[in-house]
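Each remark here refers to the structure printed beneath this line.
The values are calculated or read from the model by the stated rules, or taken from the named source; none is laboratory data. In this text, all values refer to a predicted model and were calculated from it rather than measured experimentally. Reconstructed Cβ throughout: ideal geometry from the backbone, glycine too, with neighbour counts over all protein chains shown.
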Amino acid sequence: QPQNASTTSGALISNNIVDGASEQRWLLMPVGAGYYALINLLSGKALDVTLASTANGAAIQQFDYLGYPNQQWQIFLVDSTHVGVVNRNSGSVLDVVNRSTANGALVQQWAPLGAANQLWSLSPVVYYNIVNRNSGAGLDIPGGATANGTIIQQWQLNGTPQQLWLLVPNGAGYYAIVSVLTGKVLDNTQGSAADGNPIQEYQFLGNANQEWSFQPTAAGYLVIGNQTTAKVLDVTGSSTANGARIQQYSFVNGLNQQWTVVPVQ
């Protein structure tokens with residue numbers, strides 16, 4: 001976790017007793033070629049090797065995601081319960097300094113040795129359905145497609161992974177909305193400000209057109225607004241049909257612009 005639950009870039013990463021707090025939760029965001037950005041659920045910052053060092057002992061910090069190889073990681077299975085986490089830039093792995101078992105021990109990178117202080121376990125976080133007030137249908141990726149540019153639709157809830165989402169804060173009041181199935185995020189296509197612009201899934205880039213706010217209504221629903229445009233998620237034509245396209249639109253307080261976020265696990 002970031003030391004002292006910090007949300008600032010440059011905060012060092014420490015190894016702490018698990019308590020379920022959001023600063024100990026990380027999202028694995030696919031960035032291609034089998035690598036992931038590890039995004040902290042409290043700060044929205046990415047796991048990063050300080051100064052892109054390739055040296056043993058280089059400190060691990062959190063930092064704004066910039067897409068550099070020192071922020072990209074590969075997860076490999078070591079045994080039935082443990083994984084190693086290797087940095088794309090250096091080829092070194094996450095390692096607890098001096099094999100310490102103390103609460104708050106710092107994390108560094110080190111050449112892989114297979115030692116216990118280089119082994120980690122992963123536990124799942126909470127998934128959500130995002131359900132429209134007007135239709136009762138949820139945000140859905142058509143056919144479970146994994147391609148960048150796939151337009152998001154609504155579909156009656158059916159328990160499939162293409163309807164499950166994670167919410168990842170950026171530390172400034174906005175969230176990435178991440179597909180559990182594909183690892184892609186909700187994206188306002190080409191950052192357009194036009195009413196009716198379709199919402200797609202796209203590889204996480206950390207852009208403002210991939211970040212969303214959740215504002216409550218008086219009736220207890222949520223309006224989901226894009227950071228770039230301040231337009232909101234909207235079901236085209238107030239349709240209640242399966243397959244209706246999700247777009248952005250100026251807020252008019254329509255029922256088709258109001259949502260609930262329902263935890264699944």
Practice prompt. Identify the single condition in (1) modelled with pLDDT of 95 or more; (2) closer than 18 Å to Asn207 by Cα; (3) in contact with a strand residue (DSSP E or B) (Cβ under 6 Å, 6 or more places away or on another chain) that Tyr68 does not satisfy, given that it satisfies every other one.
Written response: (3)
Worksheet item: Only one of Asp195, Asp187 is in the same structural domain as Val252 (by TED's automatic domain parsing), touching a strand residue (DSSP E or B) at 6+ places or on another chain (Cβ under 7 Å), surrounded by 18 or more Cβ atoms within 10 Å (Cβ to Cβ) and among the charged types (D, E, K, R); which?
Response: Asp187
Item to complete: From Asn70, Asn89, Asn103, Asn56, grab the single residue that is in contact (Cβ under 8 Å) with a residue 12 or more places away in the chain, in a helix (DSSP H, G or I) and not assigned by TED's automatic domain parsing to the domain that holds Leu255.
Response: Asn70
Discussion item. Given the criterion surrounded by fewer than 18 Cβ atoms within 10 Å (Cβ to Cβ) and within 18 Å of Pro169 (Cα to Cα), identify the matching residue among Asn253, Asn226, Asn207.
Written reply: Asn207
Worksheet entry | Matching option when the condition is more than 20 Å from Pro169 (Cα to Cα) and in contact with a helix residue (DSSP H, G or I) (Cβ under 8 Å, 6 or more places away or on another chain), among Ala59, Ala21 | Ala59
Worksheet, complete the sentence: So the strands (runs of 3 or more DSSP E) completely within region 115-163 holding 2 or more residues that are within 19 Å of the chain's Cα centre (by Cα) and of a type in the set (Phe, Trp, Tyr) are none
Practice prompt. Kindly indicate the residue of region 166-198 that is part of a loop (DSSP other than H, G, I, E, B) and charged (D, E, K, R) and also farthest from Ser22 (Cα to Cα) among those meeting that condition.
Written response: Asp195
Discussion item. What pairs come out if I take residues in region 139-156 that are assigned by TED's automatic domain parsing to the domain that holds Thr240 and pair them with residues that are in a loop (DSSP other than H, G, I, E, B) and at pLDDT below 95 whose C-beta lies under 6 Å away, six or more apart or interchain?
Written reply: Gly144/Leu181; Thr146/Thr182; Asn148/Gln203
Worksheet, complete the sentence: Taking region 25-55 and keeping residues of a type in the set (Phe, Trp, Tyr) and buried (at least 19 other Cβ atoms within 10 Å of the Cβ) leaves Trp26, Tyr36
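So that you can scan it fast, the table gives a plain yes or no per residue for (1) hydroxyl-bearing (Ser, Thr, Tyr); (2) closer than 30 Å to Ala147 by Cβ; (3) not assigned by TED's automatic domain parsing to the domain that holds Ala176:
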position: Tyr35; (1), (2), (3): yes, yes, yes
position: Ile39; (1), (2), (3): no, yes, yes
position: Ala52; (1), (2), (3): no, no, yes
position: Phe76; (1), (2), (3): no, yes, yes
position: Asp79; (1), (2), (3): no, no, yes
